[in-house]
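K.L.:
Here it is: the structure, laid out below.
What follows draws every value from the coordinates through simple rules; no lab data is involved. Remember, predicted model here, so these are calculated numbers, not experimental data. We place every Cβ from the backbone using ideal geometry, glycine too, and count neighbours over all the protein chains shown.
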Amino acid sequence: MGKTVLTGKHFWYGNIAIAEGAIAAGCRFFGGYPITPASEIAEHISKRFPEIGGIFVQFEDELASMAAILGASWAGAKSMTATSGPGLSLMMENLGLGVMMEVPTVVVNIQRGGPSTGLPTLTAQGDVMQAKWGSHGPYEIIALSPDSPQEAFDLTIRCFNLAEKYRVPVILLASETVGHSAGKVIVPPENEIELIDRKKPTVPPEEYLPYKPDEDLIPPMAYAGEGYAICTTGLTHNEKGYPDVSAETQEKLVRRLNDKIRKHMEEIVDVEEENMEDAKIAVVSYGQVSRPVKRAVKMAREDGIKVGSIKLITIWPFAENVIRKWAKQVELFIVPELNYGQIYLEVKREVAGNSETVLVPRMGGKLITPQEIYREIKKVSKK
Amino acid sequence: MSHKMTRGKKPLLPQELHPMDQWLRSERMPHIWCAGCGIGPTLYAWVRALDTVGIDKDKVVYVSGIGCCGRGSGYLDVDGFHTTHGRAIPFATGIKLVKPDLCVNVISGDGDIFSIGGNHFIHACRRNVDLLVICTNNFIYGMTGGQLAATTPIGDYSTTTPYGNIEPPFNTPYLADASGAVYVARWTSIHVRLLEKSIAEALRMKGFRYIEVLSPCPVNYGRRNRLREVDDIAKWFWQSSVIRHGADTREVQIEKGKPIILGNFVKREKLSYYGELKKLEEKVKRAAEAKK
């Protein structure tokens, strides 16, 4: 057997860091389909998995990939896929099934420019809203956004932990620049990596109800082949897992599917705040854009501008309490993002007219530079 | 009876028991299927074959897609996965590769497997994934009310071919054969004993095994195609079918007015996908050891 956790210091591309993060998290099933700019993840896994007893399958399309990782998870494996926008569009069908059947799994999206085939080789952050509600029906999802290879490694592990804990598909919303830029990645010793595994039933099969939640709203999960005669369906179902297409059952089930995320916001939501203590201006960013923001805030602080930064590590659920809290102190929020305003709308909604919100959009293809963000901070500080 | 047999169900009186009760989630009866439907007899043949071969019920996995047949996975007392339209095969592939000791079956309809799921079917054949796929082919979209299927014979009427179908249907055994399935057979839901034998034979094999089961849909297919009575389609199957084991699959296309060829057409030996994966792992291991 080869080594599973490559403890030590590495110089890795973000995509390699994601693959190694998944392996370190215990992922042993990967189903995927080639797509730029995410293919290196599949390529790396295809090389690593035979060494460590994992199963890699290159499927015929993203529909099959997403379906297969759900099946693999039901058989007890930690599973994942990796894709980009056009592939994520196809995965939405079975992502919805994953939400409904409550299947822990991880979907990596290395964002590229869209709509449609868009900019296959160039970066963007246009899939933020797709990550939230790209599949039909009312549901909540968890999505994290890394800004560097190190964070890509760390957050991939966190994605698996969150998926296992809350029994949901979790999305790692990275971008081309993160996937294709190399940087230092420190992999800790195996025993220092905290891993979470899904809850298993503690009752005998005759008492087991596959969709009866515990107090935390999450039901324990039996695997295929353990004698529990699991019954599961994408249809609205009761606690036995039997189809029950009534308004009452729908109400109860869908509320719980949403509430198991909403009621654990505090545990799930993660942000990094810098220079916020006395800030009158706050730059809200996520993923790769957080890096030029860091520099821009430093430059503006040198000019004596009271500006701080809020970096969203969790994209979904949205850090609404954080924004609401700072809206009492901050007079103006700047939201630079590589789209035409997605997280901007969330920030604006939470600010609720208490402060001003300014969008700094770029449609993708190239980064927003520190100077551009700095100029924006300068401009609004004169208001 | 052990818990495996009852799983906490209320014990039934002997006269209330269905002969296959140990396989059923009796509390879910009545089922949704119409009188004259062929899905029930197909499942009956399947569970009898599982009994014959002696497969542990706890190791049986039933994956289905969407449609009338898709509901079957919720009626049987085994691990049942009612998935999305057309995706039963890749979903089942994920289960089987992670737990190769399980007996993983996909039982779904023709719309599910050959229209929306057609791509998955041919690729699973090509990979030779260890699955038994049974397709109940009723020539129509039953659950949605009788629309054209990829298996509807030329000239037939459906709600979306009000002037008759102009599209040639798939010859599904030929498709499976050409794509690499190791076992290919066709029966009808009225040939229950022969179907059961065929399923038992397939259950004893590894690799991708495909059985097409022609199945009457009196309500949504028969009604519009001069096969209105509940047993008209069964009669058509009975009168037109010819059993020809080992028949050339190129010659088994279903055409109205011509014999329906049934039989066990293909049986070949080939290492399954999982077998290939294990071989690959060995190769990688040996190469790593040689490096040391």
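K.L.:
Run the quick spin-label model on B:Glu255 and A:Glu272: label points 7 Å from Cα toward the beta carbon, then report their separation in nm to one decimal.
P.N.:
My value for the distance between the label points is 7.0 nm.
K.L.:
Treating the angle as unsigned and between 0 and 90°, give the value, to the nearest 10°, between the Cα long axis of helix A:39-52 and the longest Cα principal axis of chain A.
P.N.:
That works out to roughly 40 degrees.
K.L.:
Let me ask something additional. Using the Cα centre as the reference, give the magnitude of the dipole from point charges on the C-beta atoms of region A:271-383 (Lys, Arg: +1; Asp, Glu: -1; all else neutral), rounded to the nearest 20 debye.
P.N.:
320 debye
K.L.:
Roughly how crowded by other chains is peptide A:56-63, in terms of the mean Cβ count from those chains within 10 Å of each of its Cβ atoms?
P.N.:
Per residue, the number of nearby Cβ atoms from other chains is 5 on average.
K.L.:
Shifting gears a bit: Are there GluC sites (Glu not before Pro) in region A:193-289 that DSSP marks as loop and that have at most 11 other Cβ atoms within 10 Å, and which are they?
P.N.:
On the way: sites: A:Glu194, A:Glu206, A:Glu207, A:Glu215, A:Glu226, A:Glu239, A:Glu248, A:Glu251, A:Glu266, A:Glu267, A:Glu272, A:Glu273, A:Glu274, A:Glu277; in loops: A:Glu194, A:Glu215, A:Glu226, A:Glu239, A:Glu277.
Hits after loop and neighbour filter: A:Glu194, A:Glu215, A:Glu277.
K.L.:
How high is the FRET efficiency between B:Lys278 and A:Thr7 when r is their beta carbon distance and R₀ equals 30 Å, given to the nearest 0.05?
P.N.:
That pair, B:Lys278 with A:Thr7, gives E of 0.60.
K.L.:
Continuing with the same structure: Starting from one equal scatterer on each C-alpha and no solvent at all, send me the Debye-based log10 I(q)/I(0) for region B:154-258 at q = 0.12, 0.17, 0.23 Å⁻¹, two decimals.
P.N.:
-0.47, -0.90, -1.33
K.L.:
Please report, in whole Å, how far the alpha carbons of the protein assembly as shown spread along each principal axis, starting with the longest.
P.N.:
92, 62, 53
K.L.:
Report, to the nearest 10°, how far helix A:247-262 tilts away from the longest principal axis of the Cα atoms in chain A, using its own Cα long axis and a range of 0 to 90°.
P.N.:
That helix lies at roughly 50 degrees to the long axis.
K.L.:
Moving on to the next point. Write out the trypsin sites (Lys or Arg not before Pro) in region A:1-63 meeting two conditions: DSSP loop, and at most 16 other Cβ atoms within 10 Å of their Cβ.
P.N.:
Hits after loop and neighbour filter: A:Lys3.
K.L.:
OK, next. Can you classify region A:8-192 as rounded, prolate or oblate using the Cα gyration tensor, where a ≥ b ≥ c are the square roots of its eigenvalues, rounded means a/c under 1.5, and otherwise it's prolate if a/b beats b/c and oblate if not?
P.N.:
Since a/c stays below 1.5, the shape of region A:8-192 is classed as rounded.
K.L.:
Once label points are set 7 Å from the Cα along Cα→Cβ at both A:Glu302 and A:Ser116, what is their separation, rounded to one decimal in nm?
P.N.:
Reported label-point gap for A:Glu302 and A:Ser116 is 4.5 nm.
K.L.:
Turning to a different aspect of this structure: Going by C-beta contacts inside 10 Å, put B:Arg244, B:Arg71 in order with the fewest on the left.
P.N.:
B:Arg244, B:Arg71
K.L.:
Determine the calculated [θ] at 222 nm for the protein assembly as shown from helices alone, applying -39500 (n - 2.57) to every DSSP H run no shorter than 4 residues and normalising by the residue count; nearest 500 deg cm²/dmol.
P.N.:
-10500 deg cm²/dmol
K.L.:
Still on this structure, I have one more. What are the principal axis extents of the Cα atoms in region A:271-381, in Å, biggest first?
P.N.:
Cα spread of region A:271-381 along its principal axes, largest to smallest: 32, 29, 22 Å.
K.L.:
I've got another one for you. Hey, fewest Cβ within 10 Å first, where do B:Thr84, A:Thr105 land in order?
P.N.:
B:Thr84, A:Thr105
K.L.:
Also, I was wondering about something else. Based on the Cβ-Cβ distance of A:Asp259 and B:Leu271, what FRET efficiency does E = 1/(1 + (r/R0)^6) give at R0 = 45 Å, to the nearest 0.05?
P.N.:
E(calc), rounded to 0.05, equals 0.40.
K.L.:
Looking only at other chains, what is the average number of their beta-carbon atoms within 10 angstrom of each beta-carbon in A:226-238?
P.N.:
Details: counts 4, 8, 3, 11, 5, 13, 7, 9, 9, 5, 0, 2, 0.
For peptide A:226-238, the averaged partner shielding equals 6.
K.L.:
For chain A, what is the per residue volume of the convex hull drawn over the alpha-carbon atoms, in cubic angstrom?
P.N.:
Spread over its residues, the Cα hull of chain A gives 142 Å³ apiece.
K.L.:
Follow-up question, since we're still on this one. What is the P(r) of region A:103-185, as percent of Cα-Cα pairs per 10 Å bin from 0?
P.N.:
Using 10 Å bins, I get a P(r) of 18, 46, 30, 5, 0 for region A:103-185.
K.L.:
Please state the shape class of chain B: rounded when a/c is under 1.5, otherwise prolate if a/b exceeds b/c and oblate if not, all from the C-alpha gyration tensor.
P.N.:
Here chain B falls in the oblate category.
K.L.:
Could you check which residue among B:Leu277, B:Leu131, B:Leu76 shows the biggest mean-square fluctuation in a GNM of chain B with a 10 Å Cα cutoff?
P.N.:
B:Leu277
K.L.:
Report, by chain and number, residues whose modeled amide H sits under 5 Å from the one on B:Asn137, excluding near sequence neighbours (fewer than 5 apart, same chain).
P.N.:
B:Val213, B:Leu214, B:Ser215
K.L.:
Same structure, new question: On a 0 to 90 degree scale, rounded to 10, what angle separates helix A:62-74 from the longest Cα axis of chain A?
P.N.:
60 degrees
K.L.:
With 10 angstrom as the radius, rank B:Lys206, B:Lys258 by how many other C-beta atoms surround their C-beta, starting from the fewest.
P.N.:
B:Lys258, B:Lys206
K.L.:
Considering the zone a paramagnetic label at B:Lys235 would reach in this model (a point 7 Å from Cα along the Cα-to-Cβ line), which residues of region B:119-159 have amide N under 13 Å from it?
P.N.:
none
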